[in-house]
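Just below is one structure, and these are the notes that go with it.
The values are calculated or read from the model by the stated rules, or taken from the named source; none is laboratory data. This is a predicted model, so every value here is computed, not measured. Glycine also receives a Cβ, built like all others from the backbone with ideal geometry; neighbour counts cover every protein chain displayed. The accessibility values were calculated without ligands, DNA or RNA, using every heavy atom of the protein model including side chains. Shrake-Rupley method; radii C 1.70, N 1.55, O 1.52, S 1.80 Å.
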Amino acid sequence: MRSVPWAVAALAGVVLLAGCGGSSNDGGRPVPVGGDSDTSSSSTPPASSTPPPSTKPSEAADPTTTPPKKAQVIVVPGNYASNPAVQGLVATYPQYFDALIARDEKLISKTFPAYFYADVSQVMVDARNNGWVMKPPGSVVVRGISNQPLGVVRVKTCRSQHTQYWNPKTRGWTLVAPGGQPQAIDMIKTGLGWRPYRVGPSSGISCAGVKYPA
């Protein structure tokens with residue numbers, strides 16, 4: 001029949017395409033020579049001649065630990081810990097004590113009321129001029145509180161002997177007070193909280209039998 005040669009030719013063409021690497025999934029895409037349609041056309045980069053870095057973890061340096069700072073002065077509120085004025089004294093007295101140790105009245109000039117600065121600054125000046133020294137630790141024990149006019153709360157305290165200046169020339173305390181020194185500090189509420197306002201009269205404050213932690 002005349003149609004047989006045409007059918008044979010068509011069959012030969014199909015065989016020829018299959019031999020060239022064609023696939024029914026190619027969808028008409030060109031197939032790289034020697035490749036597969038399912039293989040990505042990007043080539044794998046050649047392996048580097050540099051050896052891989054060691055996976056051994058580096059030895060970590062010993063962590064630096066800073067020991068906690070010891071308290072310069074200990075303020076014992078006693079039974080008055082819940083009073084806001086006493087809480088303000090506990091929070092601010094360490095800064096005042098730091099100024100006493102440094103004999104530098106400027107340390108309290110910016111954060112304490114001017115009246116309190118005027119009351120205590122001269123003592124620091126005298127200590128610096130006379131060579132008096134105060135070394136920590138020191139301690140202050142609250143002995144009582146009393147309300148004063150204009151919203152002032154007077155906190156009655158006793159300061160330990162170590163909270164006073166030592167005169168290296170006479171090898172004695174500038175204020176001889178074996179049982180501690182009575183001191184009243186008037187507290188007032190400011191925009192920064194309760195702050196020492198003035199040094200009040202210490203009359204009537206008994207320091208007999210007070211046990212100081214430092």
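Where the second residue is charged (D, E, K, R) and the first is outside any loop (DSSP other than H, G, I, E, B) and lies in region 198-210, which pairs have Cβ atoms under 8 Å and are six or more apart or on separate chains?
Sorted first by the residue in region 198-210, then by its partner, the pairs are Arg198/Asp119; Arg198/Asp186; Val199/Asp119; Val199/Asp186; Gly200/Arg154; Gly200/Asp186.
If I go through region 166-190 residue by residue, how many of them are open to solvent by less than 90 Å² (accessible area, probe 1.4 Å) and closer than 29 Å to Asn147 by Cα? Quick ask: steps written out before the conclusion?
First, pick out the residues of region 166-190 that are open to solvent by less than 90 Å² (accessible area, probe 1.4 Å): 166-168, 172-175, 177, 179-188, 190.
Restricting the remaining residues to those that are closer than 29 Å to Asn147 by Cα gives 175, 177, 179-188, 190.
Going through region 166-190 one residue at a time, the tally reaches 13.
Can you tell me which residue within region 82-120, out of those that are free of Cβ contacts under 8 Å to residues at least 60 places away in the same chain and not in a helix (DSSP H, G or I), is surrounded by the most Cβ atoms within 10 Å (Cβ to Cβ)?
Across region 82-120, the extreme among qualifying residues is Arg103.
Within region 136-150, is even one residue outside any helix (DSSP H, G or I), farther than 25 Å from Pro84 by Cβ and open to solvent by 50 Å² or more (accessible area, probe 1.4 Å)? Step through it out loud before you land on a result.
Step one: of region 136-150, the residues outside any helix (DSSP H, G or I) are 136-148.
In the following step, the residues that additionally are farther than 25 Å from Pro84 by Cβ were identified as 136-137.
Then drop every residue that is not open to solvent by 50 Å² or more (accessible area, probe 1.4 Å), which leaves 136-137.
Yes, because at least one residue in region 136-150 is outside any helix (DSSP H, G or I), farther than 25 Å from Pro84 by Cβ and open to solvent by 50 Å² or more (accessible area, probe 1.4 Å).
Being open to solvent by 50 Å² or more (accessible area, probe 1.4 Å), at pLDDT 95 or above, on the phi < 0 side of the Ramachandran plot and polar (S, T, N, Q): is that true of Ser58 here?
For Ser58, the condition - open to solvent by 50 Å² or more (accessible area, probe 1.4 Å), at pLDDT 95 or above, on the phi < 0 side of the Ramachandran plot and polar (S, T, N, Q) - is not met.
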